[in-house]
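The values are calculated or read from the model by the stated rules, or taken from the named source; none is laboratory data. Bear in mind the structure is a predicted one, so any value in this text is a computation, not a measurement. Cβ placement follows ideal geometry from the backbone for every residue including glycine, while neighbour counts extend to all protein chains displayed. For the accessible areas, the whole protein counts, side chains as well, though only heavy atoms, and no ligand, DNA or RNA atoms are used. Shrake-Rupley method; radii C 1.70, N 1.55, O 1.52, S 1.80 Å.
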Amino acid sequence: MNQALVVVFLGPPGSGKGTQAKELAGELNGLQHVSTGDLFRNEIARKSEVGVLVDETIKAGKLVDDEMTYKVLKNQLLSIIEEKAPKCLIFDGYPRNGRQVGDLAKLLKEIPSLVGPVFFELELPKDVIVERISGRLVNPRLGIVYHKTERPPRVPGKCDTDGGELVQRADDKPEVVGGRFDVYQKGLSEMLLEIKKGGYPHFSFNGNASVEQVSKSLKLKLFELCEGLTGQQ
């Protein structure tokens, strides 16, 4: 039986882990990006029993609990394995706490064609994350995103495309970003304890390096761990 390795990308909001996961999945044959949000949407679209419950929960403004998340993951992973036969799966957005690390390990035991988990952590200090996210400016009409230092508009405060006023999203304000980082760190501490207790492989990467260097480092480790991965033709 062919087996696929499950690799979990960890990193605070703004670390770029989701972008890296998507780009690597586009570059490498045999690699599948698994986003929890996408899995929920797919299960809702299937109108499965758990999909209906998830839809009702989200529409009611509530959080999807660990039990429902587990069921969605199992259903969707079985579907991905059957349709895609991946060599490696990158999880982005799950697990988020210590209990979910245990849930993921349990899930992999229930699906013999999956092995792992292995954890890749993008490390960035809080001040870098706050500067990175709080520097964003957006044209609310067109959705074009700028950055005060990394990608500034030609005219301060004005969109290059239509001259519209650029604004800062409420959840990009420094105090909000700092709070989100602290929440992530709490969950990370729990996860690291479970990772150590379970003896799961854990690799750290400098998330403050250039996008290209981070991608290169991640790719090299993925090639080392996942047999059968190749570049896209």
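Considering only DSSP beta bridges where both residues belong to the chain, give the percentage that are antiparallel (nearest 5). Write down the numbers at each step before the final one.
Details: 8 of 29 bridges.
Restricted to the chain, the bridges split so that about 30 percent are antiparallel.
Rounded to the nearest Å, what's the spacing between the alpha carbon centres of region 116-134 and region 151-214? Just the number, please.
6 Å
For region 196-205, in order, what is each residue's ³J(HN,Hα) by Karplus, 6.51 cos²θ - 1.76 cosθ + 1.60 with θ = phi - 60°, in whole Hz (x at glycine and Pro)?
5, 5, x, x, 7, x, 9, 10, 9, 10
Along the positive direction of the dipole of the chain (beta-carbon charges: Lys, Arg +1; Asp, Glu -1; about the Cα centre), which of GLY163, LEU108, PHE40 reaches farthest?
The residue sitting farthest along the positive end of the dipole is GLY163.
Enter the accessible area per residue of region 18-100 (Å², integer; probe 1.4 Å; all protein chains in place).
On the way: 4390 Å² over 83 residues.
Here the per-residue accessible area is 53 Å².
With a 4.7 Å Cβ cut-off, tell me which Cys residues in the chain come up empty for a partner.
Flagged as lacking a Cys partner: CYS159.
Tell me whether region 170-209 comes out rounded, prolate or oblate; compute the Cα gyration tensor, take square roots of the eigenvalues as a ≥ b ≥ c, and use a/c under 1.5 as the rounded threshold. Kindly include the intermediate steps, with their values, before the conclusion.
Numbers: a/c = 5.12, a/b = 1.85, b/c = 2.76.
Judged from the Cα gyration tensor, region 170-209 comes out oblate (a/c at least 1.5, b/c at or above a/b).
Once every DSSP H run of n ≥ 4 in the chain is given -39500 (n - 2.57) and the sum is divided by its residues, what mean residue ellipticity at 222 nm do you get, rounded to the nearest 500 deg cm²/dmol?
On the way: 8 runs with 114 residues, N = 233.
Only helices count here, giving -16000 deg cm²/dmol.
Could you tell me what percent of the accessible area of region 23-179 is made up of carbon and sulfur, with a 1.4 Å probe and every protein chain present? Please list the in-between numbers first.
Numbers: 4190 of 8320 Å².
Of the solvent-accessible surface of region 23-179, carbon and sulfur hold 50 percent.
One-quarter of the Cα convex hull surface for the chain, in nm²? Spell out each step's value before the answer.
Numbers: hull surface 57.5 nm².
Hull-based average projected area comes out at 14.4 nm².
Under a Cβ-only charge scheme (Lys and Arg +1, Asp and Glu -1), can you give me the dipole magnitude of the chain about the Cα centre, in debye to the nearest 20?
Computed charge dipole of the chain: roughly 160 debye.
What order, most packed first, do the peptides 11-22, 163-174 have when packing is the mean number of other Cβ atoms within 10 Å of each residue?
Details: 11-22: 20.2, 163-174: 13.8.
Top to bottom by mean Cβ count within 10 Å: 11-22, 163-174.
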